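Undergrad: The structure's right below; bear with me while I get my questions together.
The values are calculated or read from the model by the stated rules, or taken from the named source; none is laboratory data. Quick caveat, the model's predicted, so the values are computed rather than measured. Heads up, the Cβs are rebuilt from the backbone with ideal geometry, glycines too, and the neighbour counts pull from every protein chain shown. To get the accessible areas, we keep the full protein, side chains included, count just its heavy atoms, and leave off ligands, DNA and RNA. Shrake-Rupley method; radii C 1.70, N 1.55, O 1.52, S 1.80 Å.
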Amino acid sequence: MRLAELSEQSGVSIATIKYYLRERLLPPGRRVTATQAEYDEAHLRRLRLVRAMIQVGGMPVATAREVLAHIDDESLGLTMRLGAATWALPQPPEAPLDDAASTDARQEVERLLEELGWDSVREVGDLSPVYRSLVTSLATLNGLGYPVSAAELLPYARQMEQIAIHDMDQLEDLPEGTEQVEAAVAAQVLYDPLLLTLRRLALEAETTRRYGMA
């Protein structure tokens with residue numbers, strides 16, 4: 001398809017597509033003349049991912065470019081590509097490593113991971129920004145006087161484990177490689193706020209079930 005058709009099918013303006021091309025967020029099309037190029041379904045899929053990261057995820061262009069670089073790194077296996085792309089996603093500020101609340105939080109995270117049997121996550125530990133983000137979240141709650149134990153987190157983690165299984169089952173229906181990693185990143189960007197909203201709706205429904213509308 002030509003640029004105009006890519007714009008029409010994606011709903012992204014030609015000017016924005018050209019900007020994404022200049023910023024290396026979208027790979028160049030196949031050159032057919034000195035002034036024209038052709039694009040395919042891979043470009044359309046990538047364009048939707050870029051829109052999700054920037055418009056929904058609020059991701060800076062530089063961060064989006066880093067995530068995409070990991071997605072496209074075919075020298076890595078699927079686990080490493082997805083892990084690297086996930087680590088490059090924006091994370092909240094981290095708590096000081098030597099803070100007492102952080103020390104307590106890290107101990108609870110370790111207890112949780114041991115109970116879950118998530119040994120691969122434990123082995124990576126502080127190298128993972130996702131791991132550090134969980135420590136920070138618990139440390140913040142500890143510092144505010146709302147400590148959370150591994151036992152309290154365990155039911156939530158078990159539910160998240162089932163969601164992860166469902167996510168990976170869906171990925172296995174896609175062609176192996178770049179398309180799978182793209183889909184996994186898109187799901188994290190798009191579904192994280194969706195899951196939060198569903199949790200809040202579930203709380204509304206359960207509150208009404210238990211206590212009525214009064």
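Undergrad: If we scan the range 162-169, do we find a residue that is over 22 Å from Pro90 (Cβ atoms) and under 14 Å from the mean Cα position of the chain (by Cα)?
TA: yes
Undergrad: Here's a follow-up. Just name the residue that is nearest to Met168 (Cα to Cα) out of those in the range 88-111 that are surrounded by 18 or more Cβ atoms within 10 Å (Cβ to Cβ) and modelled with pLDDT of 90 or more.
TA: Val109
Undergrad: For the range 127-161, give me the residue count where each residue is among the basic types (Lys, Arg) and open to solvent by less than 60 Å² (accessible area, probe 1.4 Å).
TA: Going through the range 127-161 one residue at a time, the tally reaches 1.
Undergrad: Can you pull out every residue in the range 3-33 that is in contact with a strand residue (DSSP E or B) (Cβ under 8 Å, 6 or more places away or on another chain) and in contact (Cβ under 8 Å) with a residue 12 or more places away in the chain?
TA: The answer is Leu3, Gly29.
Undergrad: Can you pull out the residues in the range 1-30 that are of a type in the set (A, V, I, L, M, F, W, C) and open to solvent by 30 Å² or more (accessible area, probe 1.4 Å)?
TA: Residues satisfying the conditions are Met1, Leu3, Ala4, Ile14, Ala15, Leu21.
Undergrad: Something else about it: Looking only at residues that are of a type in the set (Asp, Glu) and surrounded by fewer than 13 Cβ atoms within 10 Å (Cβ to Cβ) in the range 162-191, which one is modelled with the highest pLDDT?
TA: Asp169
Undergrad: Considering only the range 80-162, give the helices (runs of 4 or more DSSP H) lying wholly within it that have at least 2 residues that are touching a residue at least 12 places away in the same chain (Cβ under 8 Å).
TA: 100-116, 129-143
Undergrad: On to the next question. Could you please give the count of residues in the range 45-84 that are among the hydroxyl-bearing types (Ser, Thr, Tyr) and surrounded by 12 or more Cβ atoms within 10 Å (Cβ to Cβ)?
TA: Number satisfying all stated conditions: 1.
Undergrad: Could you run through the range 131-154 and say how many residues are at pLDDT 95 or above and either closer than 27 Å to Ala84 by Cα or touching a strand residue (DSSP E or B) at 6+ places or on another chain (Cβ under 6 Å) (or both)?
TA: The number of residues fulfilling the criteria is 3.
Undergrad: Quick one: Leu203 ticks every box in (1) open to solvent by less than 80 Å² (accessible area, probe 1.4 Å); (2) modelled with pLDDT of 90 or more; (3) more than 21 Å from the chain's Cα centre (by Cα) bar one, so which box is it?
TA: Against the list (1) open to solvent by less than 80 Å² (accessible area, probe 1.4 Å); (2) modelled with pLDDT of 90 or more; (3) more than 21 Å from the chain's Cα centre (by Cα), Leu203 comes up short only on (1).
Undergrad: Out of all the residues in the range 31-44, which are open to solvent by 50 Å² or more (accessible area, probe 1.4 Å), under 16 Å from Ala4 (Cβ atoms) and outside any loop (DSSP other than H, G, I, E, B)?
TA: Correct list: Glu38 only.
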